[in-house]
Structure formats: structure tokens, C-alpha cells
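Q: Here it is, the structure, as C-alpha cells.
The values are calculated or read from the model by the stated rules, or taken from the named source; none is laboratory data. Given the structure is predicted, the values throughout are model-derived calculations rather than measurements. Glycine also receives a Cβ, built like all others from the backbone with ideal geometry; neighbour counts cover every protein chain displayed.
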Amino acid sequence: MSIAATLTGQKEAARAGQVGYDTIVLETIQRHELLGNIIAWGSIIVLIFWVYFFLKDMDNRRVDYLALAFLGLLAGMVIFTSYLGGTLAFIYGVGKP
């Protein structure tokens, strides 16, 4: 699902430059895109490190707590990124034909 969102988001970002949106809309698009990339790559990195450290020392619960903390941070970022996406779509009309 994130691949489709990335492709359509890049298409809309390119179109936004041609349409001539306000500066605040373009900055919101860039912030939304940056946070989406951080979330995608951050999730992959947290998963890789968590699996590595979990398999290395299965009895150490600190690794699980640290992974849970990072997943909570990523969840908060997802909520904020979805707020930005909703603002772009419903307030500024980005992505509507």
C-alpha cells in the first residue's frame, strides 16, 4: 500500500509545482513526503535491529522495550503524517481532479 501511496504522491507533488499552489501547500507536501520516507525506512531499520538483537540474546527484555519505544514513536509519526495528508486533501484540495 505504501508503494502506491508513494507513486501517487510523487505524481501529485510534480503536478503541484505546475498548478501553482501556495508556498505553504508546497512546504506541507514536502514535509508529508519526508515524514513518509522516514516512517517507511525507520520501520524497516527497527525491524532489522530488533530481529538481530532478539536472536542474539533472547532473554534480554530491554531490547523488546526499546523496540516498543521506537514503534510508539513511529506510530506517533504516522498519526501526524496522516494529519498532514488529510490537511492537504481536504483543506487545500491537493489530489482532487
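Q: So which residues in the stretch 4-34 are without any contact (Cβ under 8 Å) to a residue 60 or more places away in the chain, under 14 Å from Leu88 (Cα atoms) and surrounded by 13 or more Cβ atoms within 10 Å (Cβ to Cβ)?
A: Passing the criteria: Gly9, Ala13, Leu26, Arg31, His32, Glu33.
Q: Just a yes or no: is a residue in the stretch 52-64 at negative phi and modelled with pLDDT of 90 or more?
A: Taking the stretch 52-64 and keeping what is at negative phi, we get 52-64.
Within this subset, residues satisfying the condition of being modelled with pLDDT of 90 or more are 52.
Yes, that holds for at least one residue.
Q: Another question, if that's okay. Among (1) assigned to a loop (DSSP other than H, G, I, E, B); (2) modelled with pLDDT of 85 or more, there is one condition Ile39 misses while meeting the rest; what is its number?
A: With respect to (1) assigned to a loop (DSSP other than H, G, I, E, B); (2) modelled with pLDDT of 85 or more, Ile39 is out only on (1).
Q: Let me ask you something else. How about the stretch 45-94: which of its residues are buried (at least 16 other Cβ atoms within 10 Å of the Cβ), part of a loop (DSSP other than H, G, I, E, B) and of a type outside the set (Ser, Thr, Tyr)?
A: Across the stretch 45-94, the qualifying residue is only Val94.
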